[in-house]
Amino acid sequence: MMGIHETLEKYWGYKCFRELQEEIITSVMSGTDTLGLLPTGGGKSITFQVPTMARDGMAIVVTPIISLMKDQVDNLVGKGIKATYIHSGLTLGETQRTLDKCVFGNYKFLYISPERIASKLFIDKLRFMPVKLIVVDEAHCISQWGYDFRPSFLNIATLREVFPDVPVLALTATATPDVVGDIMDKLSFKNGKVFSKSFARNNLVYVVRKTDDKVAQLIDILRKVPGSGIVYVRSRARSKQIAEELARNGIPADFYHAGLDNEDKADRQNKWKNGQTRIIVATNAFGMGIDKPDVRIVAHIDIPNSLEEYYQEAGRAGRDGKKSYIVMLVKNTDKATLRKRISDSFPDKEFIKKVYERVGNFLNVPVEGGYNQVYDFNFVLFCKTFKYPVIPTHSALNILTKSGYIEFIEEIDTQSRVMILASKEELYNLPDDNPNLDIVLQAILRTYSGLFADYVFINEELISSRFKIDTQVIYDSLLALTKMHILHYVPRKRTPYIYYTTSRELPRYIVIPRNAYETLREKMANRIDAVIQYAFNDDTCREQIIRRYFGETDAAPCGHCDYCIAQKQRQLHSTKDVADGIMYMLSLQPRTLAEMLETLSFPKEEIANVLSRLVNEGFVKISDDETYSTAR
């Protein structure tokens, strides 16, 4: 096998590793459980992809972000590396085929969502795979002290039972000391190592602006700071509204959120990456896997819930090492808005139980039924049907997830896929009464390969454009061919899912445990207090607050945030006042240092320092008798 440097250059085109990457890789390859704390954009994927490619065997990669899972698999496949993924959006047949490929097909990477680990099918197949590394991405999700705790991550302990001698690599961009300890505990680290970069980013300038008109202030800032940027908001409607307002004011902008079609997302993202769109106004759905090096500004027009979220989103700026600005816009009412998020995130327990009951009714899941089943779940229709408020209902589903009753899985976008069922001979005998069937079938066969062996993802818009066939004709023809058992067509769909991790219970038996409610509510309150302290403080360096929050107790002032710059300006102003006082006293008559220290109402050390500077610069002279006078 190749060494790690040769592997890095062959597949990724780099001649050397970034800071800490090589140390993490060396640790993993020695069989040591390892936790890597690397900032957003710090190259976390290299730390497990390189060692896996540099030796025999494969890696299991557990990640909660399905879109990122797909992106990484596509990137690996594009390099000629065998990689695949499993998540709750796949059918049982698709999951079975994917697992078989990993057992028999010399695959190097299997990406899985954490809830899949609970499947007996998965564990049974896993035992036959040559697993040499277990990777836990977004590892803060396994910690109850993390800002994004997910109970399904606790399933990862099962992987350790199956492969007790295989090292674990846990990766995250943000973790407080409590979270670091909890990650290592939950993953049963044995003499594990922690590699952590400082949370300081010397090229990032943190700025907070207090204003009653955030949009006007944002426009003013974007006119002064050139270059590409991201503006983060907390609602889809607001992303569109602000993007349109920026465009009206001559700033090329577009919006991005999870509700857009995949093609639309890709188009907007590419236009922004290519510089056709200067500013992207987005919810937190934007940013994962985005590696645009020249982002000059990241602005938050709505305050995030935690410094973890803020730091991750801020980390998308200045990846080229050049000076970039991280701006938070605040107004006095934001404190109350932030604290209301606590009650919205933790609604009354009786309301949570009622939501659980009505989800079962809505999905027609019988009591004691549903276990290990996945159901399409139209969240918007559910809220409308029962006249439930959206945010508390969404929170109730998340708490039920944390309590272990369901998995509420959002925004899974499954691309259309086709597998040919008929033999090649049978394809020549299609009925003559519908010529579109043959036209569409031939178009698919000319566009895609491997259709007889497995499901292949297709793009109806691409086929329509290439062969000048109406998309509705393509859709209707593929459904007709499916009914004829010529092929099996799974149309694209995007919908949230409810996955029942236990059989449906009666509401009176639902128990919301303390660690899924009270403990997390207290942690959220503490995180919001930390954000408020960051946003509304006037007496501490911004970066120092962030670094201390993440455990860097010895963090010094950064010297370039808005607070530090204001301090320097105040000091310069104060120095001028001291110099003016000294020069005025000496213009009246020569003085000794003692006289000036006694007369001037400034700190003695500052008077002595400024006097020494005035002597060095030739404005003041000193006589043999140690008296000072003006030099002119």
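The values are calculated or read from the model by the stated rules, or taken from the named source; none is laboratory data. Since this is a predicted model, take the numbers as computed values, not measurements. When we count neighbours, we look across all protein chains shown, and the Cβ atoms used for this are built from the backbone with ideal geometry, even at glycine. Heads up: the accessible areas ignore ligands, DNA and RNA and are worked out on the full protein's heavy atoms, side chains in. Shrake-Rupley method; radii C 1.70, N 1.55, O 1.52, S 1.80 Å.
So here's what we get for this one:
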{"read-out": "Conditions (1) at pLDDT 90 or above; (2) over 21 Å from residue 201 (Cα atoms); (3) over 17 Å from the mean Cα position of the chain (by Cα); (4) open to solvent by less than 40 Å² (accessible area, probe 1.4 Å); number of the one not met by residue 241", "value": "(4)"}
{"read-out": "Residue ID - nearest to residue 574 (Cα to Cα), chosen from residues in segment 588-608 that are open to solvent by 50 Å² or more (accessible area, probe 1.4 Å) and not in a helix (DSSP H, G or I)", "value": "602"}
{"read-out": "Selection count, segment 372-390, where residues are surrounded by 12 or more Cβ atoms within 10 Å (Cβ to Cβ) and either under 22 Å from residue 513 (Cβ atoms) or not aliphatic (A, V, I, L, M) (or both)", "value": "12"}
{"read-out": "Subset of segment 275-318 that is more than 20 Å from residue 220 (Cβ to Cβ) and acidic (Asp, Glu) - its residue that is modelled with the lowest pLDDT", "value": "291"}
{"read-out": "Conditions (1) surrounded by fewer than 15 Cβ atoms within 10 Å (Cβ to Cβ); (2) under 30 Å from residue 99 (Cβ atoms): number failed by residue 471", "value": "(2)"}
{"read-out": "Hits in segment 330-346 - residues which are assigned to a loop (DSSP other than H, G, I, E, B) and of a type in the set (Val, Ile, Thr)", "value": "333"}
{"read-out": "Residue count, segment 513-554 (criterion: of a type in the set (Phe, Trp, Tyr) and not in a helix (DSSP H, G or I))", "value": "2"}
{"read-out": "Complete set of residues in segment 609-629 that are outside any loop (DSSP other than H, G, I, E, B) and open to solvent by less than 40 Å² (accessible area, probe 1.4 Å)", "value": "610, 611, 614, 620, 627, 628, 629"}
{"read-out": "The lone exception for residue 587 - which of (1) touching a residue at least 40 places away in the same chain (Cβ under 8 Å); (2) out of contact with any helix residue (DSSP H, G or I) (no Cβ under 9 Å at 6 or more places or on another chain); (3) closer than 30 Å to residue 332 by Cα it fails", "value": "(3)"}
{"read-out": "Subset of segment 110-125 that is in contact with a helix residue (DSSP H, G or I) (Cβ under 6 Å, 6 or more places away or on another chain) and more than 30 Å from residue 178 (Cβ to Cβ) - its residue that is most open to solvent (accessible area, probe 1.4 Å)", "value": "125"}
{"read-out": "All strands (runs of 3 or more DSSP E) inside segment 167-218 with 3 or more residues being closer than 24 Å to residue 549 by Cβ and open to solvent by less than 30 Å² (accessible area, probe 1.4 Å)", "value": "168-172, 204-210"}
{"read-out": "Checking residue 335 against (1) under 22 Å from the mean Cα position of the chain (by Cα); (2) in contact (Cβ under 8 Å) with a residue 40 or more places away in the chain, the condition it does not meet", "value": "(1)"}
{"read-out": "Residue within segment 110-129 that is part of a helix (DSSP H, G or I), β-branched (Val, Ile, Thr), farther than 30 Å from residue 548 by Cα and touching a strand residue (DSSP E or B) at 6+ places or on another chain (Cβ under 8 Å) present", "value": "yes"}
{"read-out": "Candidates 450, 404 - the one that is on the phi > 0 side of the Ramachandran plot, small (Gly, Ala, Ser) and in contact with a strand residue (DSSP E or B) (Cβ under 8 Å, 6 or more places away or on another chain)", "value": "450"}
{"read-out": "Subset of segment 550-565 [touching a strand residue (DSSP E or B) at 6+ places or on another chain (Cβ under 8 Å) and under 18 Å from residue 536 (Cβ atoms)]", "value": "561, 562"}
{"read-out": "Count of residues meeting criterion [at pLDDT 80 or above and open to solvent by less than 90 Å² (accessible area, probe 1.4 Å)] in segment 428-456", "value": "18"}
{"read-out": "Unmet requirement for residue 543, which otherwise passes all of (1) under 22 Å from residue 178 (Cβ atoms); (2) among the charged types (D, E, K, R); (3) surrounded by fewer than 20 Cβ atoms within 10 Å (Cβ to Cβ)", "value": "(3)"}
{"read-out": "Helices (runs of 4 or more DSSP H) contained in segment 400-494 and holding at least 1 residues touching a residue at least 12 places away in the same chain (Cβ under 8 Å) and over 39 Å from the mean Cα position of the chain (by Cα)", "value": "424-427, 435-447, 471-483"}
{"read-out": "Neighbours by Cβ (under 7 Å, 6+ apart or cross-chain): first from segment 121-138, under 15 Å from residue 27 (Cβ atoms); second aromatic (Phe, Trp, Tyr) and part of a loop (DSSP other than H, G, I, E, B)", "value": "134/163"}
{"read-out": "Some residue of segment 349-356 being over 21 Å from the mean Cα position of the chain (by Cα), outside any loop (DSSP other than H, G, I, E, B), loosely packed, with under 14 Cβ neighbours inside 10 Å and acidic (Asp, Glu)", "value": "yes"}
{"read-out": "Counted residues, segment 552-587 - those being at pLDDT 90 or above, closer than 18 Å to residue 533 by Cβ and open to solvent by less than 40 Å² (accessible area, probe 1.4 Å)", "value": "6"}
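Listed here are the residues, each with its yes/no results for (1) surrounded by fewer than 22 Cβ atoms within 10 Å (Cβ to Cβ); (2) in contact (Cβ under 8 Å) with a residue 24 or more places away in the chain; (3) not in a helix (DSSP H, G or I).
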site	(1), (2), (3)
17	yes, yes, yes
28	no, yes, no
55	yes, yes, yes
77	yes, no, no
81	yes, yes, yes
84	yes, yes, yes
93	yes, no, no
100	yes, yes, no
